[in-house]
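Novice: Dumping the structure here so I can ask a few things about it.
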Amino acid sequence: MAGATRPERPLSPHVQIWRWHVTMATSILHRVTGVGLYGGMILFCFWLMAVAAGPEAYEPVGAFLAGPIGQIGLYLIVAAFAYHLANGIRHLVFDTGNGLKPADAETSAWFAILFAVFAPLGLWALVTFGS
């Protein structure tokens with residue numbers, strides 16, 4: 001096989017060939033939010049330890065969470081949870097054989113993304129203005 005040439009055959013699709021669409025983005029985002037939720041759970045455990053350690057230990061943690069970086073972090077954790085939940089339900093529906101048409105899959109993908117954006121805002125409104 002010293003002088004053999006490779007047969008011409010189709011190459012696997014590559015990222016540069018594929019046209020990006022929302023369902024591709026949701027697949028990637030689902031994995032990213034899953035990893036982010038692991039990190040968020042570690043931070044939640046540190047928060048619980050600070051609460052259990054008493055007011056002196058919790059004071060700097062509470063101050064950090066009340067600041068802008070802490071608020072952005074909390075928003076992102078809740079958004080990641082909301083997205084991962086909505087997309088997980090979306091995939092459960094797919095497992096039943098429903099919602100697999102491209103238009104339906106795209107609609108449900110946009111719903112999952114919008115739910116992730118607005119769920120933290122709804123939770124904030126409920127905590128701030130609810131009873």
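Novice: Provide T107, T26, T128 ordered by accessible surface of protein heavy atoms (probe 1.4 Å), highest first.
Specialist: Largest to smallest exposure gives the sequence T107, T128, T26.
Novice: Here are several values of volume of the Cα convex hull per residue in Å³: [x] 117; [y] 267; [z] 236. Which one was derived from the coordinates shown?
Specialist: [z]
Novice: On the accessible surface of the chain, probed at 1.4 Å, how many percent belong to carbon and sulfur atoms? Provide the component values of the computation, followed by the final result.
Specialist: On the way: 7490 of 10200 Å².
The value for the chain is 73 percent carbon and sulfur by accessible area.
Novice: Projecting each Cα onto the charge dipole of the chain (Lys/Arg +1, Asp/Glu -1 at the beta carbon, about the Cα centre), which of P68, L100, V32 comes out farthest on the positive side?
Specialist: Comparing the listed Cα positions along the dipole, L100 ranks first.
Novice: Of T33, T23, T96, which has the largest mean-square fluctuation in a 10 Å C-alpha GNM of the chain?
Specialist: Its mean-square fluctuation being the largest, the pick is T96.
Novice: Could you compute the FRET efficiency for W18 and M49, with r as their C-beta to C-beta distance and R0 at 30 Å, rounded to 0.05?
Specialist: It comes out at approximately 0.10.
Novice: Could you check which residue among H30, H91, H21 shows the biggest mean-square fluctuation in a GNM of the chain with a 10 Å Cα cutoff?
Specialist: In this elastic network of the chain, the residue with the biggest mean-square fluctuation among H30, H91, H21 is H21.
Novice: In Å², and per residue, what accessible area does the chain have when probed at 1.4 Å with the other protein chains present? Spell out each step's value before the answer.
Specialist: Details: 10200 Å² over 131 residues.
Solvent-accessible surface per residue comes out at 78 Å².
Novice: I would also like to ask the following. For the chain, set up a Gaussian network in which alpha carbons nearer than 10 Å are linked by springs, and say which option among L114, L92, L76 fluctuates the most.
Specialist: Maximum among the listed residues: L92.
Novice: Pairs of Cα atoms under 8 Å, at least six residues apart: use those to get the relative contact order of the chain, whole percent.
Specialist: Numbers: 65 pairs, mean separation 37.6, N = 131.
Contact order relative to length: 29 percent.
Novice: What does the convex hull of the alpha-carbon atoms of segment 43-117 project to on average, in nm²?
Specialist: Taking a quarter of the hull surface, the average projection is 6.1 nm².
The values are calculated or read from the model by the stated rules, or taken from the named source; none is laboratory data. Remember, it's a predicted structure, so these values are computed and weren't measured experimentally. Cβ atoms come from the backbone with ideal geometry, glycine included; neighbour counts cover every protein chain shown. In case anyone asks, the SASA skips ligands and DNA or RNA and just uses the protein heavy atoms, side chains included. Shrake-Rupley method; radii C 1.70, N 1.55, O 1.52, S 1.80 Å.
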